[in-house]
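Asker: There's a structure below that I have some questions on.
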Amino acid sequence: MRKISLLVATLALLMSASVQVQAKGCLKGAAVGGVGGHMAHHGVAGAAAGCVVGHHMANKKQKEADKQQQQNQGK
């Protein structure tokens, strides 16, 4: 269990050092995922997964907003 948590934390640090990540959605997702993971005794993994999902959902929402704006400009 400790090895997995350490691995996830190390990977997160390496990814953040090599790529600039927009925090959009990540903070909220990490908070929710961390709480959910804490309940299952996997807080770090839950926070990491929550960050990924939150970032994905924020990007998806932004793409939909951009598409809607383009449609409104075309009219």
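Asker: Starting with the highest mean, order 29-40, 62-73, 47-58 by the number of other Cβ atoms within 10 Å, averaged over the residues of each peptide.
Answerer: Numbers: 29-40: 16.7, 62-73: 9.7, 47-58: 19.0.
Answer by packing, highest mean first, reads 47-58, 29-40, 62-73.
Asker: Could you tally the net charge around LYS60, taking each other residue with its Cβ under 12 Å from the Cβ of LYS60, Lys/Arg +1 and Asp/Glu -1?
Answerer: On the way: positive: LYS24, LYS61, LYS63, LYS67; negative: GLU64, ASP66.
Local net charge: +2.
Asker: Moving on. Residue by residue, what Karplus-based ³J(HN,Hα) values in Hz, rounded to whole numbers, does segment 34-48 have, using 6.51, -1.76 and 1.60 with θ = phi - 60° and x for Gly and Pro?
Answerer: With coefficients 6.51, -1.76 and 1.60, one gets x, 5, x, x, 4, 5, 9, 6, 9, x, 5, 5, x, 5, 5 Hz.
Asker: If you don't mind, another one. Between GLN71 and ILE4, what is 0.36 nm times their sequence separation minus the Cα-Cα distance? Round to one decimal in nm.
Answerer: The GLN71-ILE4 span can extend by a further 19.5 nm.
Asker: Cross-link list LYS3/LYS24; LYS3/LYS28; LYS3/LYS60; LYS28/LYS60: which exceed 24 angstrom alpha carbon to alpha carbon?
Answerer: Working: LYS3/LYS24 29 Å; LYS3/LYS28 26 Å; LYS3/LYS60 33 Å; LYS28/LYS60 15 Å.
From the list (LYS3/LYS24; LYS3/LYS28; LYS3/LYS60; LYS28/LYS60), the Cα-Cα distance tops 24 Å for LYS3/LYS24; LYS3/LYS28; LYS3/LYS60.
Asker: Here's something else I'd like to know. Report Rg/Rh for segment 20-68, rounded to two decimals, where Rg is the Cα radius of gyration and Rh the Kirkwood radius.
Answerer: With Rh from the inverse mean 1/r over Cα pairs, Rg/Rh is 1.11.
Asker: Multiply the residue separation of MET57 and HIS41 by 0.36 nm, subtract the distance between their alpha-carbon atoms, and state the gained length in nm to one decimal.
Answerer: On the way: separation 16, 0.36 × 16 = 5.76 nm, distance 2.47 nm.
Extra length available between MET57 and HIS41 comes to 3.3 nm.
Each value in this text was obtained by applying a stated rule to the coordinates, not by laboratory testing. Worth saying up front: this structure is predicted, and the values here are computed from it rather than measured. Positions of Cβ are backbone-derived with ideal geometry, glycine not excepted, and every protein chain shown enters the neighbour counts.
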